[in-house]
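Trainee: Please see the structure below; I have some questions.
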Amino acid sequence: MAIIKPSIPKGTRDFSASEMVKRNHIFNTISAVFKKYGYQEIQTPTMENLSTLTGKYGDEGDKLIFKVLNSGDFLSNVPADKLDARNSQSLTSDISEKALRYDLTVPFARYVVMHRNEISFPFKRFQIQPVWRADRPQKGRYREFYQCDADVVGSESLINEAEFVLIYHEALSNLGLKDFTIKINNRKILSGIAEIIGKPELIVDMTVAIDKLDKIGFEGVTKELIERGFTDSDIEKLKPIINLSGSNEEKLNSLRSVLAASETGLKGISEIETIFSYINQLTPHTSYLIPLELDITLARGLNYYTGAIFEVKTNEVAMGSIGGGGRYDDLTGMFGLSDLTGVGISFGADRIYDVLEELNLFPESTSESTKVLISNFDSAAENYALPLLQQLRNAGISAEIYPSSAKLKKQMSYADDKKIPFVILIGSEEMETGLLSLKNMKSGEQQKITSEQIIASLS
C-alpha cells in the first residue's frame with residue numbers, strides 16, 4: 001500500500017487540546033449571554049436537502065453551497081445529453097439531493113415549520129454548530145467554520161433587535177474586546193433608496209454591490225453597478241447617500257429628507273429610531289456607551305433580510321466581520337408556514353478566536369486541562385496513589401496519574417508540556433508519613449501536606 005501524505009482540505013483546520021479549551025471559552029461565554037436573555041439551545045443535522053438551501057442566499061451564495069453526491073452510482077440515471085453537455089449546473093439536480101448547511105438560519109426556519117406543534121411562540125433559540133462554504137480560503141475566511149446563532153421567531157417587536165445589540169456588546173466585552181463597532185441598517189431604507197433613483201426592480205443588485213464597499217471601494221462599486229444595469233445618473237444620486245456622515249441622528253435626519261417620497265424608506269427610518277429608543281430605555285443607568293453606528297452601506301447581500309440588519313467589526317485587528325444578522329419576514333413561508341416573522345444574529349467564532357489570539361486576550365486559565373498530576377515511581381507508589389486520584393476527582397478536581405513508572409524529569413516534562421499547574425510527589429517517605437509533597441509548577445514552591453489539605457487547597 002502506498003504511503004499517503006497526511007493533509008486536510010484547504011480552508012479547514014485541526015484543533016489541538018489547548019486550542020479546544022480556548023474555543024470552548026468562546027462558546028461558553030457567548031452561550032451564557034444567550035441563556036441570560038432567554039434563548040434555548042437546539043441542534044440541526046450537518047446535511048440538509050439541497051432544495052431546503054437553494055434560493056435562500058442569492059445567486060452568489062448558491063454557488064458557495066457544498067453539494068453532496070448521491071450514494072452509489074450517481075451518474076447511472078443521468079440522461080446522456082446532459083452528460084455530453086458537460087454543464088455541471090444542469091447536472092446538479094440529477095447527481096445531488098443533499099448539501100452541507102451554509103448557515104444556521106435557513107435550517108432553523110425548516111426546523112420551526114417541522115416542529116411547529118411542539119414549540120411555543122415566540123420561540124427563542126440559539127445554536128452553536130459548524131457550517132460550510134465553498135469559498136476561497138484566506139486569512140479569517142474558512143470553508144468550515146462555526147457559527148453561534150440566536151434567533152427569535154413569532155414576534156414583530158423591535159425589542160428583540162435592541163436586545164441583540166446588547167447581546168453583542170455584552171458577549172464581546174466579556175471576551176475581552178474593547179474596541180468594536182456594531183453597525184446597523186435597514187433593508188427598507190435600501191429599498192427606499194432604490195425607489196428614489198427609479199430602480200426598485202434592481203434592489204438586490206444594488207445591495208449586493210453596495211455591500212462590497214469596504215472591499216472594493218466606491219470605484220469598484222460603481223463599476224459593478226454599471227454592469228448590473230445602473231446608469232451614471234443613478235450613481236450620482238447614490239453617491240451622497242452612500243457617503244453620509246455625522247452622528248446617527250444626523251444621518252437619520254438626512255435620510256428622512258432624501259427619502260421623503262418613499263413610504264418604505266421612511267418606515268425603515270422609523271424602525272431604526274425605535275430600536276435606538278429601546279436601547280436607551282434598556283440601558284438607563286449604564287456608564288458605558290454602546291458602540292452602535294448607522295451605516296447606510298451595510299447591505300448584507302442575503303436575500304431573506306427584510307428589516308433591520310447588523311454587522312459587527314473589531315477595530316483592533318484587521319479582520320472581516322465577526323458577527324451579523326437581521327430581520328427576516330416570512331422566511332418560514334418557503335416551507336409552508338406563512339406570516340411568521342423572525343430576527344436573528346450570528347457570532348463568527350473562528351474569526352473571534354483569531355482576534356483574541358492576536359490580542360492575547362484568552363485568560364491564562366483556559367490553557368489548563370488537568371489541574372494536578374500524581375507522580376508514579378513504582379508499583380507501591382501507584383497503589384498508594386490510585387485511591388487519592390479518585391478522591392481528587394470526586395471533589396471536582398481534574399486529576400491524572402502518570403500512567404507508568406518513570407524518572408522524575410520525564411514526569412515533570414509531561415506536566416510542563418500540558419501546563420499542569422500542580423504535581424503531587426509520592427515516594428517512600430510520603431507513604432510512611434502520610435504527608436504528600438505538593439509542587440507548584442509555576443513558582444517552584446513545594447510543601448508537605450495531607451491529602452485532605454491538598455483537596456481543600458485545590459478545590
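The values are calculated or read from the model by the stated rules, or taken from the named source; none is laboratory data. This is a predicted model, so every value here is computed, not measured. So basically every Cβ, Gly included, is an ideal-geometry build from the backbone, and we count neighbours across all protein chains shown.
Trainee: Applying the selection to region 401-422, what residues are without any contact (Cβ under 8 Å) to a residue 40 or more places away in the chain and within 18 Å of S365 (Cβ to Cβ)? Please lay out each step first, then the result.
Mentor: In the first step, residues of region 401-422 are kept if they are without any contact (Cβ under 8 Å) to a residue 40 or more places away in the chain; the result is 401-413, 416-417.
Answer for region 401-422, where residues must be without any contact (Cβ under 8 Å) to a residue 40 or more places away in the chain and within 18 Å of S365 (Cβ to Cβ): D416, D417.
Trainee: Take the residues in region 224-247 that are surrounded by 14 or more Cβ atoms within 10 Å (Cβ to Cβ) and not β-branched (V, I, T), then tell me which one is farthest from T264 (Cα to Cα).
Mentor: Of all residues in region 224-247, those surrounded by 14 or more Cβ atoms within 10 Å (Cβ to Cβ) come to 224-226, 228, 230, 234-235, 237-238, 241-242, 244.
Next cut, not β-branched (V, I, T) only: 224-225, 228, 230, 234, 237-238, 244.
Numbers: E224: 25, L225: 22, R228: 23, F230: 21, D234: 19, K237: 18, L238: 17, L244: 19 Å.
Only one residue fits best here, namely E224.
Trainee: Considering every residue within region 338-347, establish whether at least one is exposed (fewer than 15 other Cβ atoms within 10 Å of the Cβ), modelled with pLDDT of 90 or more and not small (G, A, S). Explain how you work it out, then say what you get.
Mentor: Here is the first cut: in region 338-347, the residues exposed (fewer than 15 other Cβ atoms within 10 Å of the Cβ) are 338-339.
Subset that is modelled with pLDDT of 90 or more: none.
No, there is no match, as no residue in region 338-347 is exposed (fewer than 15 other Cβ atoms within 10 Å of the Cβ), modelled with pLDDT of 90 or more and not small (G, A, S).
Trainee: Further question: Among the numbered criteria (1) touching a Gly at 6+ places or on another chain (Cβ under 9 Å); (2) closer than 30 Å to G396 by Cβ; (3) surrounded by fewer than 23 Cβ atoms within 10 Å (Cβ to Cβ), which single criterion is violated by N360?
Mentor: Among (1) touching a Gly at 6+ places or on another chain (Cβ under 9 Å); (2) closer than 30 Å to G396 by Cβ; (3) surrounded by fewer than 23 Cβ atoms within 10 Å (Cβ to Cβ), N360 violates only (1).
Trainee: Another question, if that's okay. Which condition number in (1) under 19 Å from the mean Cα position of the chain (by Cα); (2) assigned to a loop (DSSP other than H, G, I, E, B); (3) on the phi < 0 side of the Ramachandran plot is the one that G176 fails?
Mentor: (3)
Trainee: What residue, of S191, S262, is outside the structural domain of E60 (by TED's automatic domain parsing), farther than 26 Å from T314 by Cβ and touching a Gly at 6+ places or on another chain (Cβ under 6 Å)? Explain how you work it out, then say what you get.
Mentor: Working: S191 fails: touching a Gly at 6+ places or on another chain (Cβ under 6 Å).
Among S191, S262, only S262 is outside the structural domain of E60 (by TED's automatic domain parsing), farther than 26 Å from T314 by Cβ and touching a Gly at 6+ places or on another chain (Cβ under 6 Å).
Trainee: On to the next question. Quick check on G265: is it in a helix (DSSP H, G or I) and either within 30 Å of L53 (Cα to Cα) or at pLDDT 85 or above (or both)?
Mentor: yes
Trainee: Looking only at region 416-432, which residues are buried (at least 18 other Cβ atoms within 10 Å of the Cβ) and either at pLDDT 95 or above or in contact with a helix residue (DSSP H, G or I) (Cβ under 6 Å, 6 or more places away or on another chain) (or both)?
Mentor: So the first thing to find is which residues in region 416-432 are buried (at least 18 other Cβ atoms within 10 Å of the Cβ), and the list is 420-426, 430.
Passing the criteria: F422, V423, I424, L425, I426.
Trainee: Give region 388-420 a look and list any residue that's assigned to a loop (DSSP other than H, G, I, E, B) and on the phi < 0 side of the Ramachandran plot, or say none.
Mentor: As a first pass, look at region 388-420 and keep what is assigned to a loop (DSSP other than H, G, I, E, B): 395-398, 402-407, 418-420.
Answer for region 388-420, where residues must be assigned to a loop (DSSP other than H, G, I, E, B) and on the phi < 0 side of the Ramachandran plot: A395, I397, S398, Y402, P403, S404, S405, A406, K407, K418, I420.
Trainee: Here's a follow-up. Step by step: first the residues of region 265-275, then only those that are touching a residue at least 24 places away in the same chain (Cβ under 8 Å) and either among the charged types (D, E, K, R) or buried (at least 19 other Cβ atoms within 10 Å of the Cβ) (or both), then the one that is farthest from I167 (Cα to Cα). Which residue is that? Walk me through it before giving the result.
Mentor: Just the residues of region 265-275 that are touching a residue at least 24 places away in the same chain (Cβ under 8 Å), to begin with: 265-269, 271-272, 274-275.
Of the ones still in play, those that are also either among the charged types (D, E, K, R) or buried (at least 19 other Cβ atoms within 10 Å of the Cβ) (or both) are 265, 267-269, 271-272, 275.
Numbers: G265: 27, K267: 25, G268: 22, I269: 22, E271: 19, I272: 17, I275: 14 Å.
Residue satisfying both the conditions and the ranking: G265.
Trainee: Would it be correct to say that I167 is touching a residue at least 40 places away in the same chain (Cβ under 8 Å) and either β-branched (V, I, T) or within 21 Å of E41 (Cα to Cα) (or both)?
Mentor: On the way: touching a residue at least 40 places away in the same chain (Cβ under 8 Å): yes; either β-branched (V, I, T) or within 21 Å of E41 (Cα to Cα) (or both): yes.
So I167 passes the test.
Trainee: Right, something else. From the list I352, I309, I374, which one is touching a residue at least 24 places away in the same chain (Cβ under 8 Å), buried (at least 23 other Cβ atoms within 10 Å of the Cβ), closer than 30 Å to G427 by Cβ and in contact with a helix residue (DSSP H, G or I) (Cβ under 7 Å, 6 or more places away or on another chain)? First the steps, then the outcome.
Mentor: Numbers: I352 fails: closer than 30 Å to G427 by Cβ; I309 fails: closer than 30 Å to G427 by Cβ.
Going through I352, I309, I374 in turn, just one is touching a residue at least 24 places away in the same chain (Cβ under 8 Å), buried (at least 23 other Cβ atoms within 10 Å of the Cβ), closer than 30 Å to G427 by Cβ and in contact with a helix residue (DSSP H, G or I) (Cβ under 7 Å, 6 or more places away or on another chain): I374.
Trainee: Filter region 412-459 for residues that are small (G, A, S) and over 13 Å from S398 (Cα atoms) and give the result.
Mentor: Hits for region 412-459 are S413, A415, G427, S428, G434, S437, S443, G444, S451, A456, S457.
Trainee: Sort out which residues of region 276-297 are buried (at least 16 other Cβ atoms within 10 Å of the Cβ) and either part of a loop (DSSP other than H, G, I, E, B) or outside the structural domain of V208 (by TED's automatic domain parsing) (or both), and write them in order of number.
Mentor: Those that are buried (at least 16 other Cβ atoms within 10 Å of the Cβ) and either part of a loop (DSSP other than H, G, I, E, B) or outside the structural domain of V208 (by TED's automatic domain parsing) (or both): T283, I290, P291, D295, I296, T297.
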